[in-house]
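Laboratory data are not the source of any read-out in this text; all were calculated from the coordinates shown. Since we're looking at a predicted model, the values are computed, not measured. Every residue, glycine among them, receives a Cβ derived from its backbone with ideal geometry; neighbour counts consider all protein chains shown.
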Amino acid sequence: MTELELVDHHHSLPARMGTADAALEMLLAHDRVMGVAHKLAKNMVNTALVPVAYRGKAEDATAAILYGAELGLSPIQSLQNVVNIHGRPSLEARTMVALLQAKGYRFRTVESTDESVTVECTTPDGRTEPSTWTIDRAKKAGYVSTWDEAKGDWVRNDRGKIVGNTKYHTDPRAMLWAKAAAELARHLAPDVLLGIAYTREDLESEPEPDPAPVRATSERLDRPAPAATAGPATVQDWTPPAPEDGSTAVVSEPTAETPESDSEPETPQGAAPTSLQGRRTKKSELDEIGDLMDALKLEERADRQRLVREMLGDDTITANTMNPEQRGYVLTELRGLVAQRRADAAASAEEQGDGQ
């Protein structure tokens, strides 16, 4: 019996439901369970067995442990199998199948090709139902990514994310099997799955929802008021001064073929910096990403690449192909992970100090 089960066993809910006392008791029981789950999560999120997506994120890991406990998963099973995609918890199709098989359901693959997969499920009372998923059905539902021959790239949305899932091209049988098996599991045993609406394969094929609008706040600074003018200032086009020898000055216009420099322009001594010099370069952003990965103790290139792809929801992205918006998003997420890890370490050190 796990620690979570012990808490739930000793603080079982009263039989009478629907009253204020029962609601309060339920909330208190959840609070006790959450405390145990958070303690477990803090001790697990920095171990190598925990997926990269949960490392340093004790709160996210706590939610996953609680979610998995409702399904009968142990804490480590929850962290390995409960996946947060676009802010929604999900399970892989094979995890759904395993949960049902433990309850007496039987699954059988009837047909499996790159174009079509049929799976049958037999319930404990002997009822059998099939489910067939084809590539055409997946395309019609919008799950399959599309290759743009003209651009030589996958079709992407306005935020640079691939529309659909490229795994339908690289491993179509596994993806179609997952769709068919999950469809049967949700249809025949919603009570076992507690009404889980999505699999990991479903959510990976959906576009990420638009981010919530950010409310900007401004701070007013007291500055001297500008001197009053009699009227609007007249802006004149700048004309380069004529050379002393009387020849015509030539002003070079930038061309589209001019490559963009990756370095920042130097500022002459005593001159004010320009707006272009306030922008970070690709190299400096990638350097910071590397430093943050070091702080998270992610030394292997494969682990770093896996984390970036999980953050962006794109299995084909690399450090060099990230656009500025994607680099900014990864930086924000990594800074949060590092800050959380440092806060957890400080809290742990404080607890140890209090215990001495």
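In the stretch 88-207, a dipole from Cβ-located charges (positive for Lys and Arg, negative for Asp and Glu) runs towards its positive end, and of Ala181, Gly104, Gly126 it is Gly104 whose Cα lies farthest in that direction. Sorting 30-43, 135-148, 76-89 by their mean Cβ neighbour count within 10 Å, with the most densely packed peptide first, gives 76-89, 30-43, 135-148. The packing ranking, built from the mean of other Cβ atoms within 10 Å per residue, places the peptides 340-349, 301-310 in the order 301-310, 340-349, highest first. What the Cβ-Cβ distance of Met26 and Ala150 gives, at R0 = 56 Å and to the nearest 0.05, is a FRET efficiency of 0.45. With a simple spin-label model that places each label point 7 Å from the Cα along the Cα-to-Cβ direction, the separation between Asp315 and His86 comes to 1.7 nm. Going through the cross-link list Lys39/Lys297; Lys103/Lys140; Lys161/Lys297, which pairs have a Cα-Cα distance over 24 Å in this structure? Exceeds cut-off: Lys103/Lys140; Lys161/Lys297.
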